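The values are calculated or read from the model by the stated rules, or taken from the named source; none is laboratory data. Nothing here was measured: the structure is a model prediction, and the numbers come from that model. Here Cβ is always computed from backbone atoms with ideal geometry, including for glycine, and neighbour counts include all displayed protein chains. Accessible surface is based on the protein model in full, side chains and every heavy atom, while ligands, DNA and RNA are left aside. Shrake-Rupley method; radii C 1.70, N 1.55, O 1.52, S 1.80 Å.
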Amino acid sequence: MHVSDATVQQVLLAAGKIKQADLEALLAQVTQEKRPLQDIVLKNDLISQEELTQLYAKEFDVPYVEVDPKEIDKEILKLVPEKIARQYNVALFGRDETSYLLAMEDPDDVQAVDFIKKQLGVPIKVYIASKQNILNAVDQYRENITSEISDVITEVDGDDAADEVSEEDLAEDSPIAQTVNLIIEYAIKTGASDIHIEPHETFVMVRYRQDGVLKEANKLPKKVHAALVSRIKILSNLKIDERRAPQDGRFKIDINGKVFGFRVSTLPTMDGEKVVMRVLDESSEPLSLEQLGFWGTALSGINDAIIQPHGMMLVTGPTGSGKSTTLHSVLNILNSPDVNISTVEDPVEYRLEGVNQTQVNVKAGMTFINGLRALLRQDPNVIMVGEIRDGETAGLAVQAALTGHLVFSTLHTNNAATCLPRLLDMDIEPFLIASTVRAVIGQRLVRRINAEEVESYVPDANEVKAIEKDFGVSGAAGWKYIFSLVQQANPELKIKSTDELNLVRPKANLEKGQTGYKGRMGIYEVLVNSPSIQKMIVASATSEDIQNLAIKEGMVTMQTNGLVQAILGKTTIEEILRVTRE
């Protein structure tokens, strides 16, 4: 909605959302960035888009509505063509006895109101809604991916063995381009983290990784495969005629006002080139450690480690466990004008304003080790190396930590404790590990429950025994410890016995496509390198001995952290065991 800066200023001051003293800084930011005051206020999180829309509703005397996309009658919605709805950012969401109900981002758009009145031929009542709410409502024009892609694919000519790609196939408005757009749009709509396009002998499989689990989305005829891959290569600036070697690229698109990045990887297989696209929401702001799910001793351990003037902090876990997200949240905390933060990453997944980020390029000689050497000549305070893959990189990172730099990196190990012996395997001296490593984070991602698709239950005696066995809870004393952790995580929840346990699980009668889960969250363990653990490292102790000592000193393991999250009703016992059971 286009509202003058003067009106925005007046509305926010009247509502007490900003103070007169803060106004000068905001107006200076408006001048510097050449953006409306409304955008600056939203960017600085001074008010939410919904709250601002409600203030506009009062100011302009237009009723406010928050449309529930699931409740919209699609027959009514489609009375206004999708193209018109997107052009004017409006959604027809219902009707009463005399009128149709229209949600608009800008109710002052007289041209849009007049056009829709003529289109419908009946009176309409205009409501104001937030931009994002209307975009979510307009998404309901879409049916399912199978039917939409089928409609488009029928326009593609050719036989099943087609390997040649014509110029018409690659045009912006071709059926192949529309198919790629649909595949991408549905990935974003369903919150997928990866898109897999996999050729088989007689068809092409499209699968999405949603909440960490791969799900089949569609099967396409084999005849479209070559053109589909070529179209993605064009978007990613890759070589169309190179089909025998893997290639990597990336591209960006803007959907509903959000910028999404796609990291593309191609791989030759027996049946043609397989394409995997990693979806990255580049509009999202880094989350705080608390928002990521850190609490208690884990949170305090990280906060203590990152305020040190020098040393090393490592994040461990398998591929896709959220290590980069954690590191970028930490870097965002440290990011300030008086700190020089430099990174070497492969790839650069998240862009951080004010941080010097370097992309690894092996062909050009920019490896982790060469990039790290160059960074050390750039007067950095904080260094982030995307991954320690070999002894040479590990050795240089340790030397940087010894010479006054704060170093962050990742390692592929199963838990926090095995990270320290892994550095020994890379020929790093034990005394150097002991003196440089400040803390090690071990993490996994688990699926978060969808409150609408789960039911709560009280576990019976057999289920409690199974939990004790799976999570290593030793009788009453063990449960007392677990319940104390639950209270640390949520002081309002006080449980004294297993009789008071209230867990969640997916409903038995879920419809097709429903799983009981929506989104993901992290479970963590933070091993703080205390003096006693340093002595064990110097003595070349095993990872098991280091872990046991860390637990005695207060470390909460990933599995125990997960059990606490399940008791808090954020996920299920089965989900925690899925990712932590050894």
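The table below gives the values:
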{"read-out": "The chain - share of DSSP beta bridges that are antiparallel (%, nearest 5)", "value": "65 percent"}
{"read-out": "Relative contact order (percent, whole number), the chain, Cα cutoff 8 Å, 6+ residue spacing", "value": "9 percent"}
{"read-out": "Exposure rank, largest accessible area first [46, 334; 1.4 Å]", "value": "46, 334"}
{"read-out": "Spin-label model distance (nm) - residue 259 vs residue 74, 7 Å beyond Cα toward Cβ", "value": "3.4 nm"}
{"read-out": "Antiparallel content of DSSP bridges confined to region 261-401, in %, to 5", "value": "55 percent"}
{"read-out": "Distance between modelled label sites at residue 578 and residue 98, nm, 7 Å Cα→Cβ extension", "value": "5.3 nm"}
{"read-out": "Rounded accessible area of residue 67 (nearest 10 Å², 1.4 Å probe)", "value": "10 Å²"}
{"read-out": "0 to 90° range, to nearest 10: angle between helix 558-567 axis and the chain longest Cα axis", "value": "50 degrees"}
{"read-out": "Residue 570 - accessible surface, heavy atoms, 1.4 Å probe, Å² rounded to 10", "value": "90 Å²"}
{"read-out": "Nearest-ten-degree value, helix 323-334 long axis tilted from longest Cα axis of the chain", "value": "90 degrees"}
{"read-out": "Efficiency of FRET from Cβ geometry, residue 284 and residue 462, R₀ 60 Å, rounded to 0.05", "value": "0.90"}
{"read-out": "Among 569, 302, 48 the positive-end extreme of the charge dipole of the chain (Cβ point charges)", "value": "302"}
{"read-out": "Label assignment, Rg and Dmax of the Cα atoms in Å derived from the structure, set (i) 23.5, 73; (ii) 27.1, 84; (iii) 29.7, 94", "value": "(ii)"}
{"read-out": "Net length gained if the chain between residue 487 and residue 291 were fully extended (0.36 nm per residue, minus Cα distance)", "value": "68.8 nm"}
{"read-out": "Volume of the Cα convex hull of region 1-72, divided per residue and given in Å³", "value": "102 Å³"}
{"read-out": "Whole-Å distance, taken between Cα centres, linking region 80-113 and region 443-487", "value": "48 Å"}
{"read-out": "Most to least accessible of 2, 405 (protein chains only, probe 1.4 Å)", "value": "2, 405"}
{"read-out": "Length added when fully stretched, residue 303-residue 139, from 0.36 nm per residue minus Cα-Cα", "value": "54.9 nm"}
{"read-out": "Candidate residues 39, 194, 45: accessible-area rank, largest first, probe 1.4 Å", "value": "45, 39, 194"}
{"read-out": "Calculated FRET efficiency for the pair residue 539/residue 201, C-beta based, R₀ 51 Å, to 0.05", "value": "0.35"}
{"read-out": "Principal-axis tilt of helix 461-471 within the chain, Cα atoms, nearest 10 degrees", "value": "70 degrees"}
{"read-out": "Net dipole in debye of region 232-290 [+1 Lys, Arg Cβ; -1 Asp, Glu Cβ; about Cα centre; nearest 20]", "value": "280 debye"}
{"read-out": "Förster radius 56 Å - calculated FRET efficiency between residue 370 and residue 15, Cβ distance, rounded to 0.05", "value": "0.55"}
{"read-out": "Extended-chain gain in nm, criterion 0.36 nm per residue less alpha-carbon gap, residue 111 and residue 424", "value": "105.6 nm"}
{"read-out": "Area accessible to solvent at residue 193, 1.4 Å probe radius, in Å²", "value": "20 Å²"}
